[in-house]
Amino acid sequence: MSGPFSQAFRSKASSKIISIPARHDPKSGKNVVRWKDILQYFENAKGVMNGELAVLFLTDDDLEDLIPLRIAQYPDTILEVVVPDDNEGMDDSQGDSNSFGFHHNGSHVAVERLQVTGSNHEVVSVARDVASLRISDADNNQALVVRSQGHPTAIAMTRPSNTSPNQYQQGATLQEQLHQLQQQVEGILRKMQQTDQQIQQTQQQMQQTGQQIQQTQQQMQQTDQQIQQTQQQMQDRIDKIIQALHMMDQRHNEETQRATQLSHLHRQRIEEVEQRIEKLDQEVQDSRRQTQDIQGQAQHQMDEVLRKVQEMNQQALNTRLQQNHLSFERRSRGAPQAFDQFAHAQHRIQAFLANPPVNSLVPRFFILLPTSIAALDGQGESCTFQYRLHFLCECSTHTMATDSNQPHEVHLANHTGYDLNNQDEFIAKYGSYLLTMMYMIKYGAKARELVVPPLLGLKHSVGKDENIDQGVDVTIAHLREAIGCVDGDTTAHQSLDATELNTLMSYLKINIGEGFSGGLSRMEIQKGHYSWICIRHLRECHESILQQLKHHINISGGVWYSNEVKVKVTSGEATQQLYDDLIKLTRIQNVENWRSITEIAMKRSSHHSGSSSTNVLSNLDDIQWLTLDFGRFAMSIKDIFRGEINDIVISIRDLSAPTLDDLEFIQQCRPVALSILETPPKKDDDRLVNILQRFLSITSLRIDCDMKRYIAVIHLVRSTREKMLQGEDKPALRLFEVVHPEVRVKASFEEGSPAIEIDTRIEFEDRQPYNVDPAMYDFICQYAWSVKTLIAPESFSDLFAKLLDESMRGRGSKIVHLEITPTSLTTPGLNAMTRVINRSQGLAYLRLNLENLDQGQQLVKKALGLLGEHKGQLTSLRLTGSQVEPWLTRIAKTFPRDVLPKLEELFVESKSSNLAGLQWITSIVSVQAQRRTPLKTLGMNMPYSAYSWEALIKVIDLLALEELHFCTNSFTPVQLKVFVDRIESYGALLLPLQLLNLSGAALDNNPDTRALILRLRMKIPRATITGIEA
C-alpha cells in the first residue's frame, strides 16, 4: 500500500506492486508523483487508473498541465498503470472493432461537435442544442445520452430482451467508454467558459495597459524636461568646479613654491647650525685643554696636601704608640689577671662555636659598639653612653669561589647599625651572649671552617672616628659590670635558640622600608644549616654557583633559548644536584617548603624520565619560575625570586593520563591553579570530580574545551563545587575559566557560597563559508544573558542575530562591548540586533564596520539605516569603499557631528575622495566639534590633495587625540611639515597622542624627514611613531 511519502503502482499484466517516492509540490501544496519517475518503472506507460476512474495530470489555474508532468498521490491506494500489453483500449490505434475509443492528446480545444463511430463505422454528430441522443451498434445495444442546458448529464445503456450475455458485456463496455467521454466533454466545456472569462479579463487589462502607456509617455516627457534642466545645472556646477580647481591648482603651486623656499631656508639653517656646532667643538676642545691645565695644578696642590696629611698622620701615630706603650705598662702590672681573662674568654668562644647554626630570621653574630666614647680618666673609668647593634658577616671557606682572591673571614657588615629600644632590658636579656661575641672579635677564634680574626685584623670601618678596639674594651667592661660576670664563671649563657634570635627584632629601631638583616643575606650551606653573609661575598658565591649550574645543564644536554633553558634529567643524583644549585642560586627564604617540593620531584625523576624547564632572565642570573615536566603533567613554580614559593600551577593535557601516584604527588604540593589543556571527554567526568575534591587548595581552574562539551563541563564544575560546599572540606575555588577559540567564559564564585557571576566573550571567526556548530546554538540559547563582549564579523548571519535576540528576551543583555560588521545581515537580522542593543543598558562601546559601500545601493541603504538607528550610541565607526560616491556624500549630509555625540573613533578608507567627505571629516575632528565626547582615534587612508591635507591637519584637535593613522601615499613630507608645525603650535602643552602611524605614507628616510621626525619626538615623547625609521 502507499505510505505517507510513496505511491504504490502495479500493472494489470503483473501482480507485483512497486512503490515510487512521492514529492512535495510547492505549487499545488500536495504530495505528487512525477510521470518521469513512473516511466522509469513502467516503460511505454499510457496512463494510470484508480479503479474505474482515470487519473489525470495536475493542472494550473488555467487548466494547463503542470511541467514536468505529475499526478496527485493517493495514500493507502494501489494505482494501476496502463501499458500497451494490458490491452486496455487507451489508444484508439489498438482498440477492438466492437468497442468505442477516445484518444486524449493532452490538448485543450473548444469542440463544437462530437463524433462517435461504432463497429459499423457510422458517424453520429452531437450538436450543442441536442437534448438527448440515442446510439445503437450493430448488435442493437443502445446508449442514451441525456443533455441538460447543452451539457451531457447521464448515459444509460439498454439491452434488448433477446440480447446474449456476450452482447450485453459489449454494451457495458460501451457504457463505460461513454461515461469517460461524458467527463471529457464536461472538461472541454468548462475550459471554454474559462477561456471566455480570460478573454474578457485580457481585454480589460489591455485597456488598462493603454492608459498606463499614455501616463508613462506623459511622465517621460516630464522626465526629459527635468533631464534637460539637470544637465544645465550640472554644466553650471562643472564650470564652477573647474574654476575652483583652477584656483586650487594656483594655490597649490604657490604653496609648492613656498615649501621649496622653506626647504631652502631650512637647509641654510642646518648649515648654520653645523657651523655653530663646529665652533662649539673648537671651544670645547679649548676648554678641555684649559681644564687639563687646571687639573694639573690642582693635582700638584693635592699632592702637597697629601704629603702634609701623611706627616700629620705620622705624628699622630707616634703619639698613639707612646700612649699604647704607657697603657701596656699599666696593664703589664696586671698581666696574670689579663691572662686568666683571655683563657676564660677562649673557653666561652669555643663552647659557643661548638653549637651548630640555627634557622632564624636574623643573623646570629652581632655585637654592640658605643655611639660615642667619653674620655677615660686615669683610673680607667667611663661615663654613661648609648650603644648601637652591628651584625657580623659569617664569610668562610664555604662561601669562597674556587678562583677567589678575596679574604673570607668574619667581619663587620657594611651597615651603620641599629639603635636600641629599651637598652637596659636588651643588655639584661642578651648581655651574656653579647659578652662572648665581644670576646670573640677582641681575641679572635677559629672553629671548623669559620675564621674570626683578632681585633687588630678587623679592618672594616663602621662609620665612626673612634678606634674599634677602644669601643670594644668599653663595651666589654660595661657588659661585665651589667651582668655581674666573674672570671672563671662557666655557667654563662653560651648560645641563643631561634626564638630568642627572632625576638631580637623587637629591640631594634628599624626605619620604614629598611630590612632587619643589617645588609646581610641568608644562605644555606648544608641541609638545615644557614649562614648570613654580605652582598660582596654573596655575589662572588652566586657567580660560582651559576657557573656550576650552567655546567650541569650543559652536560645534561640542556637546550638554551632566548629567555628559557630546558634540561632533561633521568637520574635522582643529577636531579638532586640541579635542585641544590637552584636553592643556592635563588636564595629562597622558605627553604623547607622548597626542599619538600624538590625532594618529592627528585624521587619522581629517579623513577620516571622527565624534563625540567627553567624560565630565566639574563642567562639564569635571575630565575623567575621553574617548570617541572613529568610527561603526564607539568608543574610550574613561580615567584621564586621573591623568596617565597606561593604560586604552584599544575598543567594536565590529557585528564586520564595522571596516575593515582601522580595525583597524590600533586596534592602534596598544594597547587593554587590547575589548567586542563584538552577537552575532558564524558568518560572522564568522574576523574575531573575526583581531582576537584582532592585539590582543595586550587583557587583558579582553566579548561580548554570544544563546544560539544562546553555546557556539560560548566555544569559539572558548578555542581561539584556546590556539593563540596555542603561537606566539611570547603573548596578554595574562586575563578573558573572555560576557553574555546570563539567563546571564553569566566565564572567567579563567592567564597563559601554557590553564588556565581559569569562573564562571556564571543568572537565569531571570520571565515567563509561559516560552518555552524549546533553546540554553539545550544550555548547561546542558555548563556546569551552572560555575554559582555560580542565581536560579530562579516560571517555573522541573521540566524545568530535572531538567536541572540530570542535568548536575551527573558533575562536581558549584559553586553558592554559590541562590534558588528553587518555585511551578511538582512532586515530581520538587523532588526534583531537593534533589539539586542536596546536591551543592553550597560553598553559602553559600539562599533559599526560598514565595508564595501561602493558595491551597491543596498549596502548604502543598510548603512544609512544602521547609522540612523544607533547614531546616539555609536562609539566607533569604520567606513570603506573603493569609490566614495555616492555613499560618503550621503553619510556626510545625513549625519553631521551633532547627531554623533558619543563618537570616539573614526576610520575612513577609499581610493578616491571628494569635497563633501573632507568637510564632514574636518567637522568631526575640529576643535569646535569637541563639545561633547572628543575624538580619540582617527584613521585616514584617502588620496587627498595638498590643499585638502592642510585644511584637515589645521583643524584637528590634538588636545584629545590619542591615535592618529595617516596610511596613504598622498601624505608626503610637505604634509608632515604642516603636521609638525601644528604640533608645535601647542607650545609647552603636553599632548596625549600615543600612536602616530605613518605606514604607507610617501616619506623618504632623508635628512629633512629625519629632522621633522626628531622635532615630533621632542614634542610628543610618549608617542610611538611607526612607518618610518628616524
Can you name the residue in the stretch 487-516 that is under 18 Å from residue 421 (Cβ atoms) and modelled with pLDDT under 80 and is also surrounded by the fewest Cβ atoms within 10 Å (Cβ to Cβ) among such residues?
512
For the list (1) surrounded by 16 or more Cβ atoms within 10 Å (Cβ to Cβ); (2) of a type outside the set (Gly, Ala, Ser); (3) modelled with pLDDT under 90, I need the number of the one condition that residue 986 fails.
(1)
Within the stretch 695-724, the count of residues that are at pLDDT below 90 and part of a helix (DSSP H, G or I) comes to 0
For the stretch 889-899, indicate whether the set of residues that are polar (S, T, N, Q) and part of a loop (DSSP other than H, G, I, E, B) is non-empty.
no
I need the full set of residues from the stretch 161-203 which are part of a loop (DSSP other than H, G, I, E, B) and either surrounded by 14 or more Cβ atoms within 10 Å (Cβ to Cβ) or modelled with pLDDT of 70 or more (or both), in order please.
163
I need the full set of residues from the stretch 953-1009 which are in contact with an Asp or Glu (Cβ under 6 Å, 6 or more places away or on another chain) and either outside any helix (DSSP H, G or I) or not assigned by TED's automatic domain parsing to the domain that holds residue 878 (or both), in order please.
992, 994, 995, 1005
Please identify the pairs in which a residue from the stretch 267-282 that is under 18 Å from residue 1008 (Cβ atoms) has its Cβ atom under 9 Å from the Cβ atom of a residue that is at pLDDT 75 or above and surrounded by 10 or more Cβ atoms within 10 Å (Cβ to Cβ), counting only partners at least 6 apart or on another chain.
267/1007; 267/1008; 270/1007; 270/1008; 270/1011
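The values are calculated or read from the model by the stated rules, or taken from the named source; none is laboratory data. Note that the structure is a prediction, hence the values are computed from the model and not measured. Positions of Cβ are backbone-derived with ideal geometry, glycine not excepted, and every protein chain shown enters the neighbour counts.
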